[in-house]
Each structure stands twice: as structure tokens, then as C-alpha cells.
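S.K.: Quick one: the structure is below, and I'll ask about it shortly.
The values are calculated or read from the model by the stated rules, or taken from the named source; none is laboratory data. Bear in mind that the values here come from a model prediction, so they are computed numbers and not experimental data. Virtual Cβ from ideal backbone geometry, glycine too; neighbours counted across all protein chains shown. Just so you know, the surface numbers come from the protein's heavy atoms only, side chains and all, with ligands and any DNA or RNA stripped out. Shrake-Rupley method; radii C 1.70, N 1.55, O 1.52, S 1.80 Å.
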Amino acid sequence: MMNNCPCGSEQTYNQCCRQYHDGKTAPKAEALMRSRYSAYVLRNGAYLHRSWHSSTRPNKKSLLQLPATDWLGLEIVRTELGGEQDEQGIVEFIASYRDGEQISRLHETSRFVKENGKWYYLVGE
């Protein structure tokens, strides 16, 4: 059992992202973004598939065969909208990871959409 949540929220995994991985609906786009980062860390492809909008998501098999990446941390740069009353949102983030001996950063601006009260990852740039 892990103590700190991989998303960097300073809460335990059980208090933070696990509830979303177990089926609870994320209330905000940022919470979904953090839970998706944790899913990458934990190689939880089934959750990534469920939380990806059906119009843009890859096939489930590809998400269930995620490479073993050594994720080092998540930094939220900014959010736009994405609150409980919104229907869309943007979360810009930087995720650091180790690739062999090299440390790299993935800097993405992700778009999220809410349908039937549930947030989904739509696309990232």
C-alpha cells in the first residue's frame, strides 16, 4: 500500500486518486488530470480507457500494455474552467520521467469535457 499519492497532492493515495480509480466521479477537470497521471504511474490502463472521451481514445488493448515508465512527478501549471459547474476545462501540466539515464519532461495542455455529469480527457497539445 502506498502512502503518498503519485499525483503530488500531498494526500495519501486512498484519500486522493484511488477513489476515482475505484469508480467515483472526479468533481473537477484537475482532479481527473491528477487521477490520470496516477493511473499512468500505476499502469492502470483500464482507468485511462474509462476516463478518455470515446471520440478520441485509443483502443483498450494499447492502454492495457503501457510501457514501464519511471514517472518522477507532476506539476500543474494552470487550469481554465474545469470546475463543478463547467462543461469544459483546460489543465496545463508538466510531468517528469526518467528514460534510461536521462530525465525528460512532458509539457501538455489538456482539454477536458463533461458529459452527463462526468469529466473526460479529450485531447492534449
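S.K.: Is there a residue being under 9 Å from the mean Cα position of the chain (by Cα) and among the hydroxyl-bearing types (Ser, Thr, Tyr) anywhere in region 14-31?
M.R.: No; the residues of region 14-31 include none that is under 9 Å from the mean Cα position of the chain (by Cα) and among the hydroxyl-bearing types (Ser, Thr, Tyr).
S.K.: Related question: Using the structure shown, decide if residue 50 is open to solvent by less than 30 Å² (accessible area, probe 1.4 Å), out of contact with any Asp or Glu (no Cβ under 9 Å at 6 or more places or on another chain) and basic (Lys, Arg).
M.R.: no
S.K.: Of the numbered conditions (1) surrounded by fewer than 18 Cβ atoms within 10 Å (Cβ to Cβ); (2) at pLDDT 95 or above; (3) over 12 Å from the mean Cα position of the chain (by Cα); (4) farther than 21 Å from residue 14 by Cα, residue 82 fails exactly one; give the number of that condition.
M.R.: (1)
S.K.: Could you list, in sequence order, the residues of region 53-79 that are open to solvent by less than 40 Å² (accessible area, probe 1.4 Å) and either in contact (Cβ under 8 Å) with a residue 60 or more places away in the chain or closer than 13 Å to residue 111 by Cα (or both)?
M.R.: If the condition is that a residue be open to solvent by less than 40 Å² (accessible area, probe 1.4 Å) and either in contact (Cβ under 8 Å) with a residue 60 or more places away in the chain or closer than 13 Å to residue 111 by Cα (or both), then 53, 73, 74 are the ones that fit.
S.K.: Sticking with this one: If I filter region 1-13 down to residues being in contact (Cβ under 8 Å) with a residue 60 or more places away in the chain and buried (at least 20 other Cβ atoms within 10 Å of the Cβ), which single residue comes out as nearest to the chain's Cα centre (by Cα)?
M.R.: 7
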